[in-house]
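What follows is one structure encoded as structure tokens, with my remarks underneath.
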Ligand SMILES: Cc1cc2nc3c(=O)[nH]c(=O)nc-3n(C[C@H](O)[C@H](O)[C@H](O)COP(=O)(O)O)c2cc1C
Ligand code: SF4
């Protein structure tokens, strides 16, 4: 979609159902997630990273409050944010790469059980990602990060018409490049080094010259299996394998994965590792626990896969024992905007990012439910192949009528809402009680996503800002200005 063809869409008028209409809706009917887990409703809060873990990846009070708040809205399912499977530092992202994370995760499970009155099923999204660095200061890049090899010296000798660069001291090469004009830099640096200078260094699954990347097919199945085992030990109802967006497993699925070791190239090869990961998880935890997959119905980027291939993957995942498939769209590094110096490239800033979290600044189709056809295509492919596993759709879901119609038309089995649930975590409950008029409606302008981009504690701009700052019961963001969870619903009826 051309960004210059975007227009601002108004929030559609909506009609909220009566309590009886809501009770009769498929959205509020149960659904099985595999052999052992049944969600009471087909309402779903998909994974959202709120940046509230400790730097070491532990659950904090703020993490408990965040999920406890969603739980009071009693959705059928909450998926806990992307949680790292490795035991390596990764900033304030939750982690599940070691048993020491279990007590905190167990407390999270208990909190959601208690706050939802046992009504909400809780899944843990588990993730692997490759190294990514901030865009460097050019002086630092040329002074330290750039590898000075024979090929670079050769290009420099050619650019300057001066053979001495082939054997000049490394510091002289670095100093020359640091002082060079842009045209020279572009002639001398390899495309990959130029990208590292302009956007920050980023590893790819095709970097098989790096041993740890080459070995991913050997290491990842065990890492995912260990994470799944721990998640279930902590008491989660199930595990969601994060195969979407800009991260390692999604990159294996992508046609941009040209690995020649049997794990890249053809779609059969690209799906191999994801299927082996699922198999390893099944081997570790057994066939009974709920294990689902979130992946892309369309990568949106040039050279990426589209809906047809996503449908093909879905059948492979079902054959391999996935209990549900949750479809997302885009969210890739390849088309992300160039970050400022000192910031890292963020996969939700380009066209594919817009498709992942569409805003009211959209093309003529608007942001609302625009990803539903992808889920519908996947669901058709699954049913045609004889697989009945549920398909979750998300992206611009904002009203009861919309969710109800999607389910009645058979386009998906479960309808998820991230930002609308963030704006008003009670919205499912309000609708269920015939009090939809009280829903605080998301404006789909992505203030929350802007915070995520800067790795700041995510909040919603619609939450009350005039709260009593001296009230110790109201947790505030580190800058003291924002409340960390949505205000309570005054009208909440007793059970
Ligand atoms: C702040 C924020 C954090 C997110 N973090 C994750 C994540 O950890 N894993 C994931 O699969 N999707 C993540 N998403 C994407 C959402 O799950 C969802 O697919 C997307 O927001 C579109 O749905 P919506 O229109 O209902 O918001 C995030 C979205 C937001 C707004
Ligand atoms: S900050 Fe904006 S886009 Fe995000 S949940 Fe709130 S209203 Fe919606």
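Values quoted throughout were computed directly from the atomic coordinates according to the rules given, and no laboratory measurement underlies them. Since the model is a prediction, treat every value here as computed from it, not as a measurement. Backbone-built Cβ (ideal geometry, glycine too); neighbour counts: all protein chains shown.
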Original post:
On a 0 to 90 degree scale, rounded to 10, what angle separates helix 170-179 from the longest Cα axis of the chain?
Top reply: 70 degrees
Subject >> Three-way shape label, the range 1-54, alpha-carbon gyration tensor, a/c 1.5 >> reply: oblate
Original post:
Relative to a virtual label point 7 Å from the Cα of residue 447 in the Cα→beta-carbon direction, which members of the range 470-495 show backbone nitrogen distances below 14 Å?
Top reply: 477, 481-487
**OP:** Could you tell me the distance between the Cα centroids of the range 84-153 and the range 344-364, to the nearest Å?
**Re:** 22 Å
Original post:
Which value at 222 nm does the chain reach when only helices count, each DSSP H run of 4 or more adding -39,500 (n - 2.57), with the total divided by all residues and rounded to the nearest 500 deg cm²/dmol?
Top reply: -10000 deg cm²/dmol
**OP:** Please grab the % of Cα pairs in the range 138-199 that end up more than 14 Å from each other.
**Re:** 49 percent
Original post:
Classify the range 398-491: rounded, prolate or oblate, from the alpha-carbon gyration tensor (a ≥ b ≥ c, eigenvalue square roots; a/c under 1.5 rounded; otherwise prolate if a/b is larger than b/c)?
Top reply: oblate
**OP:** Kindly identify the range 301-452 as rounded, prolate or oblate by the Cα gyration tensor criterion: order the square roots of the eigenvalues as a ≥ b ≥ c, call it rounded if a/c is under 1.5, otherwise compare a/b with b/c, prolate if a/b is larger, else oblate.
**Re:** oblate
**OP:** Measure off 7 Å from each Cα along the Cα-to-Cβ vector at residue 194 and residue 99, then give the distance between these two points in nanometres to one decimal.
**Re:** 5.2 nm
Subject >> Nearest 10 degrees, 0 to 90: helix 307-319 Cα axis against the chain principal axis >> reply: 70 degrees
Original post:
Taking the C-alpha atoms of the range 89-211, how large are the radius of gyration and the largest Cα-Cα span, Dmax, in Å?
Top reply: 23.4, 75
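Can you tell me the length gained on complete extension of the stretch residue 207 to residue 87, counting 0.36 nm per residue apart and subtracting the Cα distance?
Contour length minus the Cα-Cα distance gives 41.0 nm.
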Subject >> Antiparallel DSSP beta bridges within the chain, as percent of all bridges there, nearest 5 >> reply: 15 percent
**OP:** Using only Cα atoms, find the angle between the long axis of helix 272-285 and the longest principal axis of the chain, and express it within 0 to 90 degrees, rounded to the nearest 10.
**Re:** 50 degrees
Original post:
Fewest first, what order do 357, 249 take by the number of other Cβ atoms within 10 Å?
Top reply: 357, 249
**OP:** Return P(r) of the chain (all Cα-Cα pairs; 10 Å bins starting at 0; whole %; ordered from short to long distances).
**Re:** 4, 19, 29, 26, 13, 6, 2, 1, 0
**OP:** Run the quick spin-label model on residue 365 and residue 479: label points 7 Å from Cα toward the beta carbon, then report their separation in nm to one decimal.
**Re:** 3.4 nm
